[in-house]
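Notes for the one structure printed next.
The values are calculated or read from the model by the stated rules, or taken from the named source; none is laboratory data. Since we're looking at a predicted model, the values are computed, not measured. Cβ placement follows ideal geometry from the backbone for every residue including glycine, while neighbour counts extend to all protein chains displayed. Note: areas computed on protein heavy atoms with side chains; ligands, DNA, RNA excluded. Shrake-Rupley method; radii C 1.70, N 1.55, O 1.52, S 1.80 Å.
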Amino acid sequence: MDLLIINLVFASVAPLLFWRFGQKALAILQVPFVVVMWALLPEMIPLSSPKADSTFLWWALFYFNMAFAYLALGIGLFRWANRFWREAEEKEKGIM
């Protein structure tokens, strides 16, 4: 259950990462899905008996949001690596 909550928080932070990286359309597109995912969470907690349709909808939203979260993480890592490599190339040009 803790990994589920960690992934929920990670998926919820993804719109902020998209906004930070200049992908405002993706951030705005993902916000309603994150809100619905959190709204349906009480039906998924083991203390209640989830309905079949809400279970499928929740897991579909969860995987959709996780895909977007990993896309945001990939964009961030790509930008970090690009900046790191650019600095390394500038240092090499300065040495030669």
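Data for the structure
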quantity	calculated
Diffusion constant of region 1-93 at 20 °C, which comes from Stokes-Einstein with the Kirkwood Cα-pair radius and 1.002 mPa s, µm²/s	145 µm²/s
Carbon + sulfur, % of accessible area of the chain - ligands and nucleic acids excluded, 1.4 Å	72 percent
The chain, relative contact order in percent, only Cα pairs under 8 angstrom and at least six apart counted	33 percent
Per-peptide average of other Cβ atoms within 10 Å, ordering 28-39, 79-90 highest first	28-39, 79-90
Accessible area (Å², per residue) of the chain, counting only protein heavy atoms and a probe of 1.4 Å	73 Å²
The chain - charge dipole about Cα centre, Lys and Arg +1 at Cβ, Asp and Glu -1, debye rounded to 20	300 debye
Segment Glu90-Tyr63, length gained on full extension (0.36 nm per residue, minus Cα span)	5.7 nm
